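Got a structure for you, questions after.
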Amino acid sequence: MHPTELPRSVLLPLRLLLMGSCASPCAGVTVWIAGSQGGSIDSSAHWSSGLPGSNQTGMLSGEDQATIQQHDDLDGFSIEFVGRSHVKSNSHVRASSATVTLSEAAEVDIKGDLSLGDDWNTGTSHVRVEDAASLRIGQDLVVGDLARGAMIIEGGLVDVDRDMEIAGGWGGIGSEVQADGGMLRVGGDLFVGETITGSLTVDGGIVVASNDLVIGKGSSTAGSYVVLDAGSIQASSITVGNQSTATYSQTGGVCTTGGTIKVGASSSAGNSSLTLTGGTLEGGALEVGHGNAAHFSQSGGSSHFHGSVTFGVQNGYHSTFHLSGGSFSTDGNLGLNTSTVSILSGGQARIGGNVVVDSWGTSLQLSGADLNVAGNLVTSQGAGVVQTQGAARITGDVRMGSGYSTYQLLGGSLAVGGTLTNQGDASRFEWRSGGTLAAFESGGTIHASGAFVGGPGAVLDLNQELEVLSISGTLILDGLVIDGYDLQLGSRVTQAIETGTITLIAANAIAGTSVSLLGFSSDIGRQIQAGEVFDAASEAVWWFDVSSDSVDLFWSVPSGVVPEPGPPMLLAFAAPFLLRRRR
């Protein structure tokens, strides 16, 4: 083993041995000389070269034991606890401009509070816990009170019985805790930015709060943040921005809570944000924007909520939901309120309940993500959905409420298991520019109610004969594309001449005749124009026609025509053509 790899409890005696020829106490180190008999850590008689301070580091090693008395402070101390040394205190402990390190199997047991940065106008107080060392605090831990505090946990255990405050006092601005390993366990609440701005970074450690994790608790804590890169965070609930703007960012690891995750919990916490780029986030419910705008963004990883997800709570105007990657899911409803803008540009979103797009200015923009909804999708007055890419599968209904409520299907695909409904004269379903309407299940009927326009470039995707678009209302054909399937006419011949009709669209009324046909094929025969003359005794043919209430496919096959060898003939009509209206 190289000397630099030796534990501190071995290195210290070696160092002192090498310095044994010093005429005076060795510079830079003062050693605990009371051994395991213990004594007050604040008594210079128990140290080989006086009290630890800025010019010398105090060392307790081996089985050394010491006590911190009621009025003893660690002000200005630089001290290391190594080996199996043990320090205890039956009262509160304060430290200002102090540097304390616990490593190997050292133990520090404090029955009261521990306050780092306890005096004004002093330097940062540092605590580092490594290896299998433990720091136990019987009451509260304050990292940064009247001066800045910092704690690094690289191993071992920091155990706090009650609350933990990061930046708990006015002088503790910028106080921070970094958990790179080991465990931080808090028996009460964990406040990141309790009075002034503070931060928590987790990069491999385990952080557990029995009660709540609150980021940006007080009104002067703007800029407080939590970062989870690796490891885990667990709390009974999580608030990002209580009375001030705060942020939570996760690139990896696991964050779980059985309670609600609130982002921007008050009007004074506007623009608080939660960003997920990797890892796993799991919560009971999600509420974004209480009385002011707040933001949820996910570009990777997995998020799941057992309850409902609500944006724009209590007039949280202009909150945002942006999903560009990863997996987002909730067992409950997704509520978008008060001018919330939701952009689903990538990834997958699964909603176990309903999606409600509510109130003027609220929008759901589907531009690449896959959206699966187990319930209904409902838009209310002045709200709407714009779909330009991606796939939406709605098990229940899609309802456009009265008063300028819209669903614009401009691209991607929409499959509806229930009924697609325009509920008011001012509401509308805009179907054009490559937007595809498809059956929810193979062979199913697409039900619609109200007035609809199959505009230029709109696509009706039919994959087999039983699939049909059925509208209780009016359909205007204005450039609709019907994407079809293999008719397999050769298998339909059972007598001399077999004829039949397949209804593609049925409506109360159909206006216009502009339809473009794509993808229909058959193993025998050819497609002809409606009204074209053919020899029924020798030719297998099919054609399309538009009536006042339906779009139908007609076919005629004589028994003497058999399929030719080779692949089926595919007829695709890319350019729109006008179908003659059947009288």
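Run Ser268 past the list (1) open to solvent by 40 Å² or more (accessible area, probe 1.4 Å); (2) not in a helix (DSSP H, G or I) and report the number of the one that doesn't hold.
(2)
Something else: So which residues in the stretch 331-346 are surrounded by 22 or more Cβ atoms within 10 Å (Cβ to Cβ) and either of a type in the set (A, V, I, L, M) or outside any loop (DSSP other than H, G, I, E, B) (or both)?
Those that are surrounded by 22 or more Cβ atoms within 10 Å (Cβ to Cβ) and either of a type in the set (A, V, I, L, M) or outside any loop (DSSP other than H, G, I, E, B) (or both): Leu334, Leu336, Ser342, Leu344.
Something else now. Across the stretch 103-156, which residue is most open to solvent (accessible area, probe 1.4 Å) among those that are among the hydrophobic types (A, V, I, L, M, F, W, C) and not in a strand (DSSP E or B)?
Per the stated criteria, the residue is Trp120.
Which of the residues belonging to the stretch 489-511 are among the hydrophobic types (A, V, I, L, M, F, W, C) and without any contact (Cβ under 8 Å) to a residue 60 or more places away in the chain?
Hits for the stretch 489-511 are Ile502, Leu504, Ile505, Ala506, Ala507, Ala509, Ile510, Ala511.
Restricting the search to the stretch 425-437, which residues are closer than 20 Å to Ser380 by Cβ and either at pLDDT 95 or above or open to solvent by 20 Å² or more (accessible area, probe 1.4 Å) (or both)?
Asp425, Ala426, Arg428, Glu430
I want to confirm something. Restricting to the stretch 298-323 and keeping residues that are under 10 Å from the mean Cα position of the chain (by Cα) and closer than 18 Å to Val357 by Cα, which single residue is surrounded by the fewest Cβ atoms within 10 Å (Cβ to Cβ)?
Top of the filtered list is His322.
I've got another one for you. Search the stretch 150-166 for residues that are under 18 Å from Asp113 (Cβ atoms) and pair each with any residue that is among the basic types (Lys, Arg) when their beta-carbon atoms are under 6 Å apart and the residues are at least 6 apart or on different chains.
Short answer, once both residue conditions are applied: Asp159/Arg136; Asp159/Arg185.
Got a number for residues in the stretch 477-505 being crowded, with 17+ Cβ neighbours inside 10 Å and within 42 Å of the chain's Cα centre (by Cα)?
Selection size over the stretch 477-505: 10.
Return yes or no: is Gly241 out of contact with any Asp or Glu (no Cβ under 6 Å at 6 or more places or on another chain) and at positive phi?
Numbers: out of contact with any Asp or Glu (no Cβ under 6 Å at 6 or more places or on another chain): yes; at positive phi: yes.
Answer is yes for this residue.
Inside the stretch 438-467, can you point out the residues that are open to solvent by less than 20 Å² (accessible area, probe 1.4 Å), part of a loop (DSSP other than H, G, I, E, B) and in contact with a Lys or Arg (Cβ under 9 Å, 6 or more places away or on another chain)?
Within the stretch 438-467, Gly455, Ala458 meet the criteria.
Take Ser342 and tell me if it is small (Gly, Ala, Ser), modelled with pLDDT of 95 or more and more than 17 Å from the chain's Cα centre (by Cα).
Judged against the criteria, Ser342 is not a match.
Here's something else I'd like to know. Name the single residue that is least open to solvent (accessible area, probe 1.4 Å) among those in the stretch 56-102 being among the small types (Gly, Ala, Ser), over 16 Å from Val129 (Cβ atoms) and assigned to a loop (DSSP other than H, G, I, E, B).
Restricting to residues being among the small types (Gly, Ala, Ser), over 16 Å from Val129 (Cβ atoms) and assigned to a loop (DSSP other than H, G, I, E, B), the top hit is Ser96.
Checking Cys255 against (1) within 20 Å of Gly332 (Cα to Cα); (2) open to solvent by 10 Å² or more (accessible area, probe 1.4 Å); (3) not aliphatic (A, V, I, L, M): exactly one of these is not met. Which one?
Unmet for Cys255, out of (1) within 20 Å of Gly332 (Cα to Cα); (2) open to solvent by 10 Å² or more (accessible area, probe 1.4 Å); (3) not aliphatic (A, V, I, L, M): (2).
Turning to a different aspect of this structure: Please tell me if Ile524 is at pLDDT 95 or above, of a type outside the set (Gly, Ala, Ser) and either open to solvent by less than 10 Å² (accessible area, probe 1.4 Å) or not in a strand (DSSP E or B) (or both).
Against the criterion (at pLDDT 95 or above, of a type outside the set (Gly, Ala, Ser) and either open to solvent by less than 10 Å² (accessible area, probe 1.4 Å) or not in a strand (DSSP E or B) (or both)), Ile524 does not qualify.
The values are calculated or read from the model by the stated rules, or taken from the named source; none is laboratory data. What you see is a predicted model, and the numbers here were worked out from it, not measured in a lab. No Cβ is skipped: glycine too gets one built from the backbone with ideal geometry, and neighbour counts run over all protein chains shown. Areas reflect the complete protein model, heavy atoms only, side chains present, ligands, DNA and RNA absent. Shrake-Rupley method; radii C 1.70, N 1.55, O 1.52, S 1.80 Å.
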